[in-house]
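Novice: Pasting in a structure now, in structure tokens, and then I'll have a few things to ask.
The values are calculated or read from the model by the stated rules, or taken from the named source; none is laboratory data. Just so it is clear, the model here is predicted, and its values are computed rather than measured. Ideal geometry is used to build each Cβ from the backbone, glycine not excepted, and the neighbour counts take in all protein chains shown. SASA here: full protein model, heavy atoms, side chains in, ligands and nucleic acids out. Shrake-Rupley method; radii C 1.70, N 1.55, O 1.52, S 1.80 Å.
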Amino acid sequence: MTRPETPEQQTDEAAYQDALAEMMAFIEADEAANGLTAPQQDEPSPLDEEAEQDQAELYFGSVDEFVREYITPLYRRKVSARGQRRWSAEWWTNPEAIARLESLWRAWENLRLDGGTGMSTWWRDHADHHMSALFDPDGPFAASTDENKLGEPLPYTPPPPGLFPDARTGGRQ
């Protein structure tokens, strides 16, 4: 059971509500002036829009497409069971290889949009590092017997259908 408010308490409450409303108006005006206003409930947040743009802007729809269309034709190094470099046409059977190639793909997708030093950064910080680890005779493809000739694309075998869905279409083929 609540007690009825005295006139004095009602005046204090009204003064408090007025001061609170005034303070909130000041904060909202300051946030608006500094571009700090929160999005309205029915508006998508900037993070949602950025995630959608990232998905919409993908050049390659999957790590498989990236490997098939970019990595294997680009890296024309000789690989063999006894040489300095190893590679597996079935790269998708090795978890470390998938993780490294997925990292390369995601970094490439991000850095290709940097018109300055993005691609140089990708080569230096990502491709050189991960491809050296993948090609290493003691690396994830150490047991591979796949080979090519100098100047030919790296060996490639398509993964089973559906293993790497196209991220641009939300996984629909």
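Novice: With (1) open to solvent by 50 Å² or more (accessible area, probe 1.4 Å); (2) within 18 Å of residue 58 (Cβ to Cβ) as the list, and residue 161 as the residue in question, which single condition is left unmet?
Specialist: Here residue 161 meets the rest and fails (2).
Novice: Moving on to the next point. Return the residue satisfying two criteria in turn: it lies in region 64-97 and is hydrophobic (A, V, I, L, M, F, W, C) and over 14 Å from residue 127 (Cα atoms), and of such residues it is farthest from the chain's Cα centre (by Cα).
Specialist: Step one: list which residues in region 64-97 are hydrophobic (A, V, I, L, M, F, W, C), which gives 66-67, 71, 74, 79, 81, 87, 89, 91-92, 97.
Now drop any that are not over 14 Å from residue 127 (Cα atoms), which leaves 79, 81, 87, 89, 91-92.
Details: 79: 30, 81: 34, 87: 25, 89: 25, 91: 21, 92: 19 Å.
For region 64-97, the residue satisfying everything is 81.
Novice: Follow-up. Looking at region 51-66, which of the residues that are within 17 Å of residue 111 (Cα to Cα) and at pLDDT 55 or above is surrounded by the most Cβ atoms within 10 Å (Cβ to Cβ)?
Specialist: 63
Novice: Then there is this: Could we say that residue 77 is open to solvent by 80 Å² or more (accessible area, probe 1.4 Å), in contact with a Leu (Cβ under 8 Å, 6 or more places away or on another chain) and either under 23 Å from residue 147 (Cβ atoms) or modelled with pLDDT of 95 or more (or both) here? Break it down stepwise before answering.
Specialist: Numbers: open to solvent by 80 Å² or more (accessible area, probe 1.4 Å): yes; in contact with a Leu (Cβ under 8 Å, 6 or more places away or on another chain): yes; either under 23 Å from residue 147 (Cβ atoms) or modelled with pLDDT of 95 or more (or both): yes.
Yes: the conditions hold for residue 77.
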